[in-house]
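What follows is calculated from the coordinates using simple rules that are stated; it is not laboratory data. Because the structure is predicted, anything quoted here is derived from the model rather than measured. Glycine gets a Cβ as well: all are built from the backbone with ideal geometry, and neighbour counts include every protein chain shown.
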Amino acid sequence: MPSIYVEGKKRLTGKIKVQGSKNAVLPIIAASVLIDGKSVITNCPKINDVETSIKILEQLGAVCSFEDNCLIIDSTNINKSAVREDLMREMRSSSLFLGSVLGRMNEAVISSPGGCDLGPRPIDIHIRSMRSLGADISERNGYIFFSAKNGLKGTYTVLPFPSVGATENTIVASVLARGKTVIENCAKEPEIVELADFLNKAGARITGAGSDRIVIEGVKKLRSVTFAVGFDRIVAATYISAAAVTGGDVLLCDVDTSKMRSVISVFEEAGCNFSYEENAIRVRCRDRLNSLSTVKSHVYPGFPTDAGPTLISALSVAKGTSIFIESIFENRYDFACELRRMGADVKIDGRTAVILGRENLYGARCVATDLRGGAALVVAGLSACGTTIIDRTDHIKRGYQDIVGDLAAVSADIKEI
Ligand code: UD1
């Protein structure tokens, strides 16, 4: 497996086209199981989680082709209802196949999903929604069996927490259910809106996506569809951090600024300057960043948990002490040990990180512990004196199509070795 080599202290300048969104495309790929025909998904990022999703689709009986960021899925002959355990373990988002397989086959068998180790990540809310839609559920030998012999039936359900994945699974399972489903306390992330847009384009009747109340009128069938995935707001946030720690001047293209407000306001407070062009953001940062009193991750439109690790790397070279509080996941700070190897002063107490900004970090060999933690090490490496080598880049490739190529294109001294 290649490692990433970074020689730090190079100022980033130039233009990056931001890739399609991982968190938008994964539920869309899972939802394609419902379609009686073809889904053509353009701007689909070439990342490991997409490759795993394709393996799941093929195992279920779909036929897929993936070239030049265009994924074509023919779901006509899907005939299996069990997702293989090894594929479930490869990524947490495999649980997104629950709603679509159950909706299409009237039964589904899954095991516990894997993915980044960010603490316990139960799927109790997903399961509760499927039960509310009329599924019988049983557990045996580590597998969960869902069955709705006469099809799912519309329901009224209030999610106990606005879980992104549970909102997506409940929408997807409701699309072909009989009658109307109302979901309250939904997640409002832009990726939910993209999923609803994709399904509506295929003939579903979903309203309210992006608000905390979503209504789905069940339809009999979904037809073939072509859909372009929007930009990845977490990748954009990563490259803002990268520009910020190198005193850079970077234009991020294909970006919808309205989805980046919480990230932009945090980096503005830290001293970055933003200007806007059509579908693009320019970030400039001349001086060392200012520290931030407290930043807390929140559900959308709050500061995204996934952008926390790269922000922490940026703050580890800021002027003064900053505090970051992680409110979504219990264990998001494994990467901090690796950051300390580079001289960062980051103390973790439960969900709170206290970051004492240092004038310099120093290159070191370190290991990507998870997807966003791995990206945070790349950002730290860009700011550090000397050479950083990051191992276990498979974690990073789960979500970044070409982090090395993107950063090299804006003058970073970075390569795969
Ligand atoms: C999605 C994103 C992930 C992001 C997260 C929060 C995708 C593919 N992944 O993950 O990148 O970090 O949203 O913005 O879109 N929970 C339960 N029970 C459940 C479901 C969730 O307790 O049934 C808890 C989780 O353990 C976690 C919190 O709720 O602590 C948020 O999880 P959720 O919003 O579901 O995140 P994901 O959909 O897994």
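Can you give the local net charge around Lys180? Use residues other than it whose beta-carbon is closer than 15 angstrom to its beta-carbon, Lys and Arg +1, Asp and Glu -1.
+3
Please turn the phi angles of the stretch 199-209 into ³J(HN,Hα) values with the Karplus equation 6.51 cos²θ - 1.76 cosθ + 1.60 (θ = phi - 60°), one per residue in order, whole Hz, x for glycine and proline.
5, 5, 4, 8, x, 6, 10, 10, 10, x, 4
For the pair Ser138 and Glu107, how long in nm is the line joining their label points, each one 7 Å along Cα→Cβ?
So the two model labels end up 1.1 nm from each other.
In a shell of Cβ-Cβ distance under 11 Å around Ser39, excluding Ser39 itself, what net charge do Lys and Arg (+1) and Asp and Glu (-1) give?
Summing Lys and Arg as +1 and Asp and Glu as -1 gives +1.
Of the listed peptides 31-39, 305-313, 153-161, what is their order by residue-averaged count of other C-beta atoms within 10 Å, with the highest listed first?
Put in order of decreasing packing, that is 305-313, 31-39, 153-161.
How fast does the stretch 22-228 diffuse by Stokes-Einstein, in µm²/s, taking the Kirkwood radius from C-alpha pairs at 20 °C and 1.002 mPa s?
130 µm²/s
How far apart, in nanometres, would the label points at Arg284 and Asp36 be if each is projected 7 angstrom from Cα along the Cα-to-Cβ direction?
So the label points at Arg284 and Asp36 sit 5.7 nm apart.
With 21 Å as the limit, write out which pairs from Lys201/Lys397; Lys296/Lys319; Lys22/Lys46; Lys10/Lys46; Lys153/Lys221 have Cα-Cα distances beyond it, or answer none.
Lys201/Lys397; Lys10/Lys46
For a quick protection proxy, order the peptides 388-396, 172-180 by their average other-Cβ count within 10 Å, most packed first.
Result, highest mean Cβ count within 10 Å first: 172-180, 388-396.
Relative to the longest principal axis of the C-alpha atoms of the chain, give the angle of the C-alpha long axis of helix 371-383, reported between 0 and 90° and rounded to the nearest 10°.
Taking Cα atoms only, the helix is inclined about 20 degrees.
Excluding Pro162 itself, calculate the net charge of residues whose Cβ lies under 12 Å from the Cβ of Pro162, where each Lys or Arg counts +1 and each Asp or Glu counts -1.
Counting the neighbours of Pro162, the net charge comes to -2.
Relative to the longest principal Cα axis of the chain, at what angle does helix 22-31 sit, 0 to 90 degrees, rounded to 10?
That works out to roughly 10 degrees.
With a 10 Å cut-off between alpha carbons and a GNM built on the chain, which of Cys366, Cys64, Cys186 moves the most?
Looking only at Cys366, Cys64, Cys186, the biggest GNM fluctuation is shown by Cys64.
Tell me, what is the percent relative contact order of the stretch 22-228, built from C-alpha pairs under 8 Å that lie six or more residues apart?
The value is 21 percent.
Taking the simple approach of a point 7 Å from Cα along Cα-to-Cβ for both Lys80 and Ile417, what is their distance in nm?
Between Lys80 and Ile417, the label points sit 4.1 nm apart.
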